Amino acid sequence: LDAALDAGHAVLAGGGSALDAVEAAARALEDSPRFNAGHGAVFDAEGRHELDASVMEGHTRRAGAVAGLTTIRNPVSLARAVMEHSPHVMLIGAGAEAFADTRDDIERVPNAYFDTDHRRRELEQAQARERADADGAGDLKGKYFGTIGAVALDAEGRIATATSTGGMTNKRWGRVGDTPLVGAGTWADERCGISGTGWGEFFIRCAVAHDIAARVEYRGDTLQAAADEVILRTVPELGGDGGAIALDREGNVVMSFNTSGMYRGWIRPDGTRGTAIFRE
Ligand code: ASP
């Protein structure tokens, strides 16, 4: 978390944009084996990895997203390339990989680059639970979510958000969660930015990121009240769980979660920072 804070802060301290900062922070987290994004992404049911990511820039409402990637070392950077160098917002699977072929700034890796032993054990445990489960429906619910996200506010008052994930352990059939869906796992506008982590099916059904932003815009809610309403009431009422990080243009940092913990960190212009896991 500190490495990601440093990466983002270095960009902002150098006068860089919020978009550059969230990309830098997200890449640091994708490169870490500890999070469910990039190296360290969860395994799908076939024992492979399919990665999803998105970015959004608040003041322009530009967005880029990718899903079902198999060879892209830093999905967040391909999401940004979709936003900046294609006429589209979202590219998936083989098409997204073909778009990456046209760019020499996108690093490729074999799918096994994303492997980690602890994620393989999680897959084995999930599949053992599935076999034990009489109706065979499979239990995607996780105790801890490791999707990564970053939100930044730059010196010009611009907000950007990035989110990246391997999805949910044991997912199948080309499953895509909330992370690459603008309005579900990611949002940024001129007032605030939001990045979610959690049980993606519920985050999609609750349009979590946009619902938080809409409460700020339409109702004049504080970002904290808006995030708490959606994360602590709307999502769990449907049976989902997870959390979100959010930041508004006044620099208010909000981190709301209904799980036992959420790995999170924040850093201010003067370099004062914090990291936390549980509710302390
Ligand atoms: N939200 C992600 C997904 O459903 C999972 C996570 O947050 O770890 O794909």
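Where a number appears in this text, it was derived from the coordinates with a stated rule and is not lab data. From a predicted model like this one, the values you see are computed outputs, not experimental measurements. Using ideal geometry, Cβ is built from the backbone for each residue, glycine included, and neighbour counts are taken over all protein chains shown.
Our summary gives the chain a relative contact order of 19 percent, counting only alpha carbon pairs under 8 angstrom and 6 or more residues apart. For the range 205-226 versus the range 105-134, the inter-centroid distance based on Cα atoms is 34 Å.
Under a 5 Å amide H cut-off, with hydrogens placed 1.01 Å from N, Arg62 pairs with Glu57 among residues at least 5 apart or on other chains.
Roughly speaking, what is the centre-to-centre gap between the range 143-169 and the range 15-59 when only Cα atoms are used, to the nearest Å? When both Cα centres are located, 8 Å separates them. Dipole size of the range 1-120 about its Cα centre, with +1 on Lys/Arg Cβ and -1 on Asp/Glu Cβ: approximately 180 debye, rounded to the nearest 20.
Among the GluC sites (Glu not before Pro) within the range 219-263, not one is in coil by DSSP while having at most 10 neighbouring Cβ atoms inside 10 Å. Of the GluC sites (Glu not before Pro) found in the range 171-223, those that fall in a DSSP loop while having at most 16 other beta-carbon atoms within 10 Å are Glu190. With the charge dipole of the chain set up from +1 on Lys and Arg Cβ and -1 on Asp and Glu Cβ about the Cα centre, the Cα lying farthest toward the positive end among the listed residues Trp187, Ala21, Leu1 is that of Leu1.
The shape of the chain comes out oblate: with a ≥ b ≥ c from the C-alpha gyration tensor, a/c is at least 1.5 while a/b does not beat b/c.
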